[in-house]
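So the structure is just underneath, and the comments pick up after that.
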Amino acid sequence: MNHITKTVEIGGNTITFETGKYAKQASGAVVVSCGDSKLLVTAVCTEGFRTFDFLPLTVDYQDRNGANGTIPGGYLKREGRSSERETLVSRVIDRSIRPMFPKHFRMELQVIATTMSYDKDHETDVLALCGASAAFHISEAPLTQPIAGVRVCRVDGEFVLNPGFEARQRADIDLIVAGTRDAITMVEGGANEASEAAMLDVFDIAQEAIRTIIDCLDEFRAAAGKDKVEVGEPPQLDADVLAYVMENGKDKAVAALAVGEKHARKDALKAARNSVIEAMLEGEEDADVIKAKTSDGKGAWDKLIRHIMRSTVIESRTRIDGRAPDSIRDIWSEVGVSPRAHGSAIFTRGETQGYVNIALGTEMDSQRMELPTGKHERWFMLTYVFAPFCTGEARPLRGPKRREIGHGALARRALLPVLPTKEQFPYVMRSSSEILESNGSSSMATVCGTTLALMDAGVPISKPVAGIAMGLVKEGDDYAVLSDILGDEDHLGDMDFKVTGTRDGITAFQMDVKIAGINREIMAKAMAQARDGRLHILDEMAKAIEAPRDEMSEYAPRITTIHIKTDKIRDLIGPGGKVIRGIQEACQVRVTVDDSGKVDVASTSKEATDKAIQMIREITQEAEVGALYVGVVKRIVDFGAFVEIFPGTDGLIHISHIAHERIDRVTDVLAEGDEVLVRVIDVDRSGKIRLSRKEALDSMGA
């Protein structure tokens, strides 16, 4: 293959797509670059269909330390399992590109995006997304249409496409938006209480840029594309079986769908399906025919359920559980669930329930992360745990899946805009969300539960945050936007978008669209309906707790902050950390000090804190000229005595300043170990301290 290069300009930066030079045994291999950022993105489409009931697509994004000139930490000195950032970027690519393949396509697909060079002013996540689309577009994989992605930020009131690192730090809206030429298909990001109108403007700006990139990708395929594999027609159900199930199963399906409780409804639907299939097979004896008709019968039943659910919503504006499209399930909450956690809450909405606890810690509890942009500390951590019992399943407990990492990241992003600064609240915070029941939008239950638990812990958040999951059913030009969707509505619907925020605006947004053609009118209605739902949820949450508690839990550490001079940090730490460890062990506290001289002392005991602070003061205090001190004579020499006025700090009383009268020997007045009152009369530039017993006696009237 010849070396093919195409470029496109987005937001004042040139994005370049190249192929034909590297990784030529992959089905499609593209080097995508912008500035000094460069990635190799490969796509592979294997031969032969697989017997899966889903698209076997694997997506992996890989940062490489060498790409930004660093060496991995740890003993092995090599990259290990995927980091949270790599997982989140992989999810963004997967969610954007998966809907672009025919639903019945079953050849195994894999895309791997590897960072070759990293420039923090040209972020690699959107480049990897565009590169994945380009790699599949030029390969034989049957991508129905290419997609592209851009980052849109609002910086100083202006919308910017793919901004640099410094601008992103100042942005109050930061969204990754992916889509086809005509429609938005995926959104991921956060905002600082943005309005619904501003978010809609983001989509319009992104759509125009996406269209420009796709024009480039089409030119790229025209120059370097392979012939697409033949997908063939989707498998068809037996017409007689389909007709039988549609005619004889409708009443039973409607009755089963009307069952309110999730598991009872599932059991009712299964029983109804089996009864219809059994009736259809009555008298049939051929085993092969029975097997084929049973399989087609189950497929026909799924079509029937989908049709009934969607048509009922469109025609009668009634949902599976009988709610109106904009109705929210019953909500109840409670706080203070765990006596020993520093803050805790239960948030329940319908059959979705989350238990959240908060732990407060000190700076040494922060999460240290190595990212391509450098080393960072995370002061607010949020973990999301989706145990099998929450859906009535039994399966082994393993590490967090990509979905759990993604939901946790979304919930964390939702809370960041309302958290206090380190100066306002010098605690590290960790939220752990355990999903106890799940039937739709457990990530939004995590947002609500974490808000309640933070307030229960006395964390001074600026405003409560709530989240809601929205859905869509669209048939032709008619549609219904659904608030607070169930799991079945997510599965059978056309869109899933989650929006979180305060009463004043949006803090996080995530959207996945399963169809093309969602226009601005639909999005505007969906976002307005989501806002109404969010305000209702905030009202319900306020019944449990309205604002952060004035006092923290008695089991939470109290952090007292003092400041010392920077040249005393060394004295406080001591050789090999000996001094600071000694203070911690003696007082049973945790002491942290930073380069500015800020010292945090954390303990649940005021007495222990006071004792530790006194020890720190003694170690780090400096002699003040004119101040009186009671010191201990440490050493006597011919010309005077060295007196320790506080631990680690000595001064000299010259023989002429020991007494009012002239003395011949220091030992005539002082002995080693004596306590003596002295005044500091001078501290020279080198730090040497001159003391006077005589002036101290004068000040006492002696």
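In whole percent, what relative contact order does the chain give with Cα contacts below 8 Å and a gap of six or more residues?
9 percent
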If the chain between ASP594 and LEU76 were fully extended at 0.36 nm per residue, the gain over the current Cα-Cα distance would be 183.5 nm
Excluding GLY28 itself, calculate the net charge of residues whose Cβ lies under 11 Å from the Cβ of GLY28, where each Lys or Arg counts +1 and each Asp or Glu counts -1. +2
List every residue whose amide H lies under 5 Å from the amide H of ILE10, counting only residues 5 or more places away in sequence or on a different chain, with H placed 1.01 Å from N in the peptide plane. ILE15
Long-range amide H partners of ILE506 with built H, under 5 Å: GLU193, ALA194, SER195
Order by protection proxy (mean Cβ within 10 Å, highest first), peptides 69-81, 30-42, 107-119: 30-42, 107-119, 69-81
Explain nothing, just compute: Karplus ³J(HN,Hα) = 6.51 cos²θ - 1.76 cosθ + 1.60, θ = phi - 60°, for every residue of the stretch 103-108 in order, whole Hz, x for Gly and Pro. 4, 9, 6, 9, 7, 6
What FRET efficiency, computed as 1/(1 + (r/R0)^6) with R0 = 22 Å and r the Cβ-Cβ distance, is obtained for ILE522 and SER316, rounded to the nearest 0.05? 0.65
Could you tell me which of ILE559, SER686, GLY164 has its Cα farthest along the dipole of the chain towards the positive end, charges placed at Cβ (Lys, Arg +1; Asp, Glu -1), taken about the Cα centre? SER686
Place +1 on the Cβ of every Lys and Arg and -1 on the Cβ of every Asp and Glu in the chain, take the dipole about the Cα centre, and give the residue among ALA183, GLY487, THR421 whose Cα lies farthest towards its positive end. THR421
For the stretch 288-293, in order, what is each residue's ³J(HN,Hα) by Karplus, 6.51 cos²θ - 1.76 cosθ + 1.60 with θ = phi - 60°, in whole Hz (x at glycine and Pro)? 5, 5, 4, 4, 5, 5
Enumerate by residue number the GluC sites (Glu not before Pro) in the stretch 514-550 meeting two conditions: DSSP loop (anything except H, G, I, E, B), and at most 13 other Cβ atoms within 10 Å of the site's Cβ. GLU546
Debye, to nearest 20: dipole size of the stretch 40-192, +1 on Lys, Arg Cβ, -1 on Asp, Glu Cβ: 320 debye
Write down the percent of antiparallel bridges among all DSSP beta bridges whose residues are both part of the chain, to the nearest 5. 90 percent
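How many times 2.2 N^0.38 Å is the alpha carbon radius of gyration of the stretch 628-699?
Ratio of Rg to 2.2 N^0.38 Å for the stretch 628-699: 0.98.
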Take the alpha-carbon centre of the stretch 245-290, take the same for the stretch 96-132, and report the distance between them in whole Å. 41 Å
DSSP-loop GluC sites (Glu not before Pro) across the stretch 255-332, with at most 14 other Cβ within 10 angstrom: GLU261, GLU282, GLU284, GLU285
On a 0 to 90° scale, report how tilted helix 239-248 is relative to the longest principal axis of the chain, with both axes built from alpha carbons and the result rounded to the nearest 10. 70 degrees
What is the angle, in °, between the Cα long axis of helix 262-280 and the longest principal axis of the Cα atoms in the chain? Nearest 10 is fine, range 0 to 90. 20 degrees
What does the charge add up to near ASP288, with Lys and Arg as +1, Asp and Glu as -1, over the other residues with Cβ less than 14 Å from its Cβ? -3
Is there a quick way to get the dipole size of the stretch 1-83? I mean about its Cα centre, with the Cβ of Lys and Arg at +1 and of Asp and Glu at -1; what is the value in debye to the nearest 20? 280 debye
Looking at [x] 1.13; [y] 0.98; [z] 1.32, which value of Rg/Rh (Cα atoms, Kirkwood Rh) comes from a calculation on the structure shown? [x]
Whole-Hz Karplus ³J(HN,Hα) for the stretch 600-611, in order, using 6.51 cos²θ - 1.76 cosθ + 1.60 and θ = phi - 60°, x for Gly and Pro? 10, 10, 10, 6, 7, 10, 5, 4, 5, 4, 4, 5
Counting other Cβ atoms within 10 Å of each Cβ, which trypsin sites (Lys or Arg not before Pro) in the stretch 254-340 have at most 15 and sit in a DSSP loop? ARG317, ARG340
By counting other Cβ atoms within 10 Å of each Cβ, how are THR144, THR180 ranked from fewest to most? THR144, THR180
Between the stretch 396-469 and the stretch 647-679, what is the separation of their alpha carbon centroids in Å? 63 Å
The long-range amide H neighbours of THR185, using H built 1.01 Å from N in the peptide plane and a cut-off of under 5 Å, are ALA178, GLY179, THR180
How far is the Cα center of the stretch 551-599 from the Cα center of the stretch 611-635, in Å? 18 Å
Round to the nearest 10 and give me the degree value, 0 to 90, for the angle of helix 124-138's Cα axis relative to the longest principal axis of the chain. 20 degrees
The simple spin-label model distance between ALA255 and MET369, using points 7 Å out along Cα→Cβ, in nm, is 5.4 nm
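None of the figures in this text is laboratory data; all of them are computed from the coordinates on show. Please read all numbers here as calculations on a predicted model, not as lab measurements. Here the Cβ is made from the backbone with ideal geometry for all residues, glycine too, and neighbour counts use every protein chain on show.
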